[in-house]
Amino acid sequence: MATNRTFTMIKPDATAAGNAGKILDIILENGYKVVALKYIHLSTAQAGAFYEIHKERPFYNDLVSFMTSGPIYAAILEKENAVADFRTLIGATNPAEAAPGTIRNLFAKSIDANAVHGSDSDENAMIEGAFFFNRFERF
Ligand code: ATP
Ligand code: MG
């Protein structure tokens, strides 16, 4: 069942570079409503649990250490067809392959420091949103 919601993080690289405001502006300009928003510095245990799905991948430890290297913005976003449209808006995982004008094309430096996260399915959007926000924090 499509929920019209997705989950995003503005990652430590984009936050440290001062690009969070610009990225949030692009998200709002593209018709997303912010349902929940949090500024947080993840612990190793939290980032490890969030990326549990990638535990066996060779880049897992680097990913966890990168995601704990500084604060991030976490948000739940709402728009029709949110999951698929947001993946289009952020562009390919590797910024070298991200289409012109996408958020990763504009702000990502490398495949690991790639500026933003976007859920890859409705099911994961719900799981990831619930990881960060309780029901009193979603509007
Ligand atoms: P995200 O889940 O962050 O939105 P994604 O869905 O495009 O990104 P995934 O395959 O879920 O990509 O990988 C999660 C994250 O792990 C990527 O955003 C990237 O930071 C990192 N990653 C993925 N593949 C590699 C790789 N080959 N080398 C280094 N880091 C990688
Ligand atoms: Mg992913």
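The values are calculated or read from the model by the stated rules, or taken from the named source; none is laboratory data. What you see is a predicted model, and the numbers here were worked out from it, not measured in a lab. With ideal geometry, Cβ positions are generated from the backbone for all residues, glycine too; neighbour counts draw on all protein chains shown. Accessible surface areas use protein heavy atoms only, side chains included; no ligands, DNA or RNA. Shrake-Rupley method; radii C 1.70, N 1.55, O 1.52, S 1.80 Å.
Residue farthest toward the positive end of the dipole of the stretch 1-108, with Cβ of Lys/Arg at +1 and Asp/Glu at -1: which of THR15, ILE40, ASN105?
Of the candidates, ILE40 comes out farthest on the positive side.
Got a number for carbon plus sulfur as a percent of the stretch 5-137's accessible area, 1.4 Å probe?
Working: 3570 of 6730 Å².
About 53 percent, which is the carbon plus sulfur part of the accessible surface.
Just the accessible area per residue of the chain, please: how many Å² with a 1.4 Å probe? Each step should come with its number before you reach the end.
Details: 7330 Å² over 139 residues.
Here the per-residue accessible area is 53 Å².
Extension gain ALA99-ASN61, at 0.36 nm per residue separation less the Cα-Cα distance, in nm?
Numbers: separation 38, 0.36 × 38 = 13.68 nm, distance 2.78 nm.
Full extension of this stretch gives 10.9 nm more.
How large is the dipole of the stretch 5-137 about the Cα centre if only Lys and Arg carry +1 and Asp and Glu carry -1, each at its Cβ, rounded to the nearest 20 debye?
Values: 12 positive and 16 negative charges, 54 e Å.
The calculation lands at about 260 debye.
Given the DSSP H assignment, sum -39500 (n - 2.57) over each helix run of at least 4 residues in the chain and divide by its residue total; what's the result at 222 nm in deg cm²/dmol, nearest 500?
-10500 deg cm²/dmol
Treat the chain as a sphere of radius equal to its Kirkwood radius over Cα pairs and apply Stokes-Einstein at 4 °C in a medium of 1.567 mPa s; give the translational diffusion coefficient in µm²/s, rounded to a whole number.
Details: Rh = 14.9 Å.
Translational diffusion coefficient: 87 µm²/s.
Taking only complete DSSP H runs, can you tell me which helices of the chain stretch 15 Å or more along their own long axis by Cα positions and average at least 0.0 on the Kyte-Doolittle scale?
Numbers: long enough: 122-132 (16 Å, 0.11).
Qualifying helices, which must be both long enough and hydrophobic enough, are 122-132.
Quick one: if the Förster radius is 25 Å, what FRET efficiency do SER110 and LYS22 give, using the C-beta to C-beta distance and rounding to 0.05?
Calculated value: 0.85.
In the Gaussian network model of the chain, springs joining C-alpha atoms below 10 Å, which of ALA113, ALA47, ALA74 carries the largest mean-square fluctuation?
Taking springs between Cα atoms under 10 Å, the residue moving most is ALA47.
Considering only ASN94, ASN105, ASN114, give the residue with the highest GNM mean-square fluctuation for the chain, with springs between Cα atoms whenever their separation is below 10 Å.
Among ASN94, ASN105, ASN114, the largest GNM mean-square fluctuation belongs to ASN94.
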